[in-house]
Amino acid sequence: MTDLPTDLTRATAAVLAEALASKTISSVELTQAHLDRIEAVDGAVHAYLHVDHEGALAAARGIDDRRSSREALGVLAGVPIAVKDVMATRGLPTTCGSKMLEGWIPPYDATVVTKLREAGLPILGKTNMDEFAMGSSTEHSAYGPSHNPWDLERIPGGSGGGSSSVLASFQSPLATGTDTGGSIRQPAAVTATVGTKPTYGGVSRYGLVALASSLDQAGPCGRTVLDTALLHAVMGGHDPMDSTSIDAPVPAVVEAARRADVKGLRIGVVKELGGEGYQAGVRSRFEESVQLLVDLGAEVVEVSCPNFEYALAAYYLILPSEASSNLAKFDAMRYGMRVLPEGVDAPSAEQVMSATRDAGFGPEVKRRIILGTYALSSGYYDAYYGSAQKVRTLIAQDFDAAFGQVDVLVSPTAPTTAFKLGDKLDDPMAMYLNDIATIPANLAGVPGMSLPSGLAEEDGLPVGFQILAPAMQDDRLYAVGAALEGALTDRWGGPILDGIPDLPSAGAAGSSNAKGA
């Protein structure tokens, strides 16, 4: 068994799973260590919106009891996890980072959460996010931004910045995320963690509060490729509650991560996902990683996907259109907040709805609803939404042509390292450009992974390396990712995350969203 560090929060999920299976540690001990870490540092990071102290410890005690009775348990049983606040959790608040759902406690679990509970992972709490998953920085959370543990004045990515920052600050060994245009991969890139967007339909969307139904995909987040694979295996699989769920076995992601072999693989460097607009340090780390893959026995060729140039524009018509439809249900009539208009004695349903949506939605959500409603309106549907769907088909065809030549595609995950909080908040287009390399995978439904490739020379901040594979070939991500991770660990003299600065011990973190038991 791999040596267990004195500080349990610094161990990988795979190492912790071995220690739990051998009864070297208990799940209660491990869960309490992470709850103590949360209390110590989350005041500075603000990664959690809600921490379930009692529920996590109760779940941990239950796993310890089952292990003592020699019950057969899953590989990750007893390893705690953090859950993005877009996933319904029975008995725990689910707000999607929005005032609209403040205080809402679902009566049911999302399928992903059900799978986590059945596999024996104690849920530490719910992580912060951009409101209704709209954003690339977590600055659009109604409850305040999360902070990047590498530099607390910088963003941890978005929309899943809470999940990436809990990992990078060692407040949880594992986390869940959702990826609509890069919301798992881009946060992973800027925090030196690992995140995977599975094939669309490979992980159930039942119980996820929808942003754009044809793009949303839940996925695993971890600190290593193997940890992420272990969580992927738990989360994945067919779900009859989700009509888009693929009725097929989960790809052999854990076996691929353990194999970590790229010999003989053809790896395509996407011409359109690099060059102008990409930070120099991002480009140099990417080129070094590509050379490491060559050294490991892979063949690297340049591949052109010409329609990727239009992916950003198509995405920002398709996503707002679907979002405007999905968010119509927040109408003050069925659930969520309700605000009565001022100065109106007997307001109509339309007036109540208008007042509620004005108070409940933040500026970015309003912006996208307006854009989507316009794109779907009479006279503009074919010109905007219809044209964007045609571009989406062309992008899928580019992927098909590329995968006819190579086994996987690679690119930088994001064009820059983490920017400072506030730098792009008033410039939506600059914010949207952060997803330029990740969006194509969502439009085509193919799987993608980001893993850390080093630190940029200019600022010493993490850089992400993206791997894309054909649909239902998610295992290729893990084979290539684990091989590259091993080579990078050797190059950097240890895991890149080992270089993260110490965080201030800020005491228990309060938040406007009732953090606590």
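Since every read-out is calculated from the coordinates, none of them should be taken as a lab result. Everything quoted here is computed from the prediction, not taken from an experiment. Note: ideal-geometry Cβ built from the backbone for every residue, glycine included; neighbour counts use all protein chains shown.
Below are the figures for this structure:
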{"item": "Residue count for the range 379-437, restricted to those that are charged (D, E, K, R) and in contact with an Asp or Glu (Cβ under 7 Å, 6 or more places away or on another chain)", "result": "1"}
{"item": "Among the candidates A218, A175, A188, A210, residue that is hydrophobic (A, V, I, L, M, F, W, C), in contact with a strand residue (DSSP E or B) (Cβ under 7 Å, 6 or more places away or on another chain) and under 20 Å from A323 (Cβ atoms)", "result": "A218"}
{"item": "Filter pass, V270 being in contact with a Cys (Cβ under 7 Å, 6 or more places away or on another chain) and of a type outside the set (D, E)", "result": "yes"}
{"item": "Residue match in the range 387-406 (condition: within 28 Å of L497 (Cβ to Cβ), without any contact (Cβ under 8 Å) to a residue 60 or more places away in the chain and of a type in the set (D, E, K, R))", "result": "no"}
{"item": "Residue in the range 365-372 that is more than 26 Å from G103 (Cβ to Cβ), of a type in the set (V, I, T), surrounded by 13 or more Cβ atoms within 10 Å (Cβ to Cβ) and touching a residue at least 24 places away in the same chain (Cβ under 8 Å) present", "result": "no"}
{"item": "Unique residue being within 12 Å of the chain's Cα centre (by Cα) and basic (K, R) when the list is R185, R154", "result": "R185"}
{"item": "Top-ranked residue of the range 152-172 - restricted to ones that are touching a Lys or Arg at 6+ places or on another chain (Cβ under 7 Å) and assigned to a loop (DSSP other than H, G, I, E, B), ranked as farthest from L16 (Cα to Cα)", "result": "E153"}
{"item": "The range 440-469 residues that are at positive phi, paired with ones that are β-branched (V, I, T) and part of a loop (DSSP other than H, G, I, E, B) (beta carbon under 9 Å, 6 or more apart)", "result": "G445/T199; G460/T417"}
{"item": "The range 250-273 residues that are touching a residue at least 40 places away in the same chain (Cβ under 8 Å) and buried (at least 18 other Cβ atoms within 10 Å of the Cβ), paired with ones that are of a type in the set (D, E) and part of a loop (DSSP other than H, G, I, E, B) (beta carbon under 9 Å, 6 or more apart)", "result": "V262/D407; L265/D407; I267/D407; G268/D407"}
{"item": "Hits in the range 226-245 (condition: surrounded by 21 or more Cβ atoms within 10 Å (Cβ to Cβ) and part of a loop (DSSP other than H, G, I, E, B))", "result": "D239"}
{"item": "Residues of the range 119-140 classified as over 18 Å from the mean Cα position of the chain (by Cα), crowded, with 23+ Cβ neighbours inside 10 Å and over 17 Å from V166 (Cβ atoms), total", "result": "1"}
{"item": "Output for the range 325-358, where each listed residue is part of a helix (DSSP H, G or I), among the hydroxyl-bearing types (S, T, Y) and surrounded by fewer than 20 Cβ atoms within 10 Å (Cβ to Cβ)", "result": "S325, S354"}
{"item": "Verdict on L116 being outside any loop (DSSP other than H, G, I, E, B), under 21 Å from H232 (Cβ atoms) and either within 19 Å of the chain's Cα centre (by Cα) or touching a residue at least 24 places away in the same chain (Cβ under 8 Å) (or both)", "result": "yes"}
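For (1) within 22 Å of the chain's Cα centre (by Cα); (2) crowded, with 22+ Cβ neighbours inside 10 Å; (3) within 20 Å of S163 (Cα to Cα); (4) in contact (Cβ under 8 Å) with a residue 24 or more places away in the chain, each residue gets a yes or a no:
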residue: H34; (1), (2), (3), (4): yes, yes, yes, yes
residue: I38; (1), (2), (3), (4): yes, yes, yes, yes
residue: D52; (1), (2), (3), (4): yes, yes, yes, yes
residue: G55; (1), (2), (3), (4): no, no, yes, yes
residue: A60; (1), (2), (3), (4): no, yes, no, yes
residue: D65; (1), (2), (3), (4): no, no, no, no
residue: A72; (1), (2), (3), (4): no, no, no, no
residue: L76; (1), (2), (3), (4): yes, yes, yes, yes
residue: P80; (1), (2), (3), (4): yes, yes, yes, yes
